[in-house]
1. I need the full set of residues from the range 24-77 which are of a type in the set (D, E, K, R) and closer than 24 Å to Ile139 by Cβ, in order please.
2. Please work out which one of (1) open to solvent by less than 90 Å² (accessible area, probe 1.4 Å); (2) without any contact (Cβ under 8 Å) to a residue 40 or more places away in the chain; (3) out of contact with any Ser or Thr (no Cβ under 6 Å at 6 or more places or on another chain); (4) part of a helix (DSSP H, G or I) is the condition Asp101 fails and give its number.
3. Cβ contacts < 8 Å: first residue of a type in the set (Asp, Glu), restricted to the range 27-55; second residue at pLDDT below 80, any location; separation 6+ or different chain. Result?
4. Of the residues Ile140, Ile144, which is modelled with pLDDT under 90 and open to solvent by less than 60 Å² (accessible area, probe 1.4 Å)?
Amino acid sequence: MSKMNFFQKKQQNKSTTHIQGFDIELNQENTRRIDRLVDSYENSILSHLDEAYQRTTSWQDRLADRIASFGGSWRFITYFAIFLTIWILLNSLPFTRFHFDEPPFILLNLCLSFIAAFQAPVIMMSQNRQAARDKHESIIDFAINYKAEQEIDDMQSHLHRIEGELIEIKKLLLVLNNRMNEEHK
């Protein structure tokens, strides 16, 4: 193989990819198109799931989800740390005039206990709903995977049938070729 052909083949392989297990070449444009179609399909499924979730949940459940998402965020931790710092500074520095909760900060402990008492069940409710939603999505994933497996099995049976027919055609061509060779002798 000459150097020119070698480099042309390498360059051709860079611009095309092979689907694993098949000798199908895809250029970058087709690969991007397939990726776009898959992304579009996944987004449409997710939007349908989100719409179904919005229809089936009550406003209390959605409120609990919002509270849980805020209560489990770094923004909440930052705001709460600032709040605690201000509370402690206002009540412990000698030059502040209004001390509404003297150390050991009994009122602050009471507030923290109330927050924990209400935040924990709300987060647990949200987690339970998220687990149910994940279970529903996994059932849908299973159904899609099962359907894909059936399609693959169907394609494999068609390929095996085609392969059998090709073998028969090859046999017939060999017989025909042998007859033609015998007639020409």
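1. Listed by number, the residues that qualify are Asp39, Glu42, Asp50, Glu51, Arg55, Asp61, Arg62, Asp65.
2. Every condition holds for Asp101 apart from (4).
3. none
4. Answer to the check: Ile140.
Condition check ((1) touching a residue at least 40 places away in the same chain (Cβ under 8 Å); (2) surrounded by 10 or more Cβ atoms within 10 Å (Cβ to Cβ)) across all residues:
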residue	(1), (2)
Phe95	no, no
Ser113	no, yes
Ile123	yes, yes
Gln127	yes, yes
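The values are calculated or read from the model by the stated rules, or taken from the named source; none is laboratory data. Only a predicted model underlies this, so the values are computations on that prediction, with no experimental measurement involved. When we count neighbours, we look across all protein chains shown, and the Cβ atoms used for this are built from the backbone with ideal geometry, even at glycine. Side chains are part of the model used for accessible areas, which takes the heavy atoms of the whole protein and leaves out ligands, DNA and RNA. Shrake-Rupley method; radii C 1.70, N 1.55, O 1.52, S 1.80 Å.
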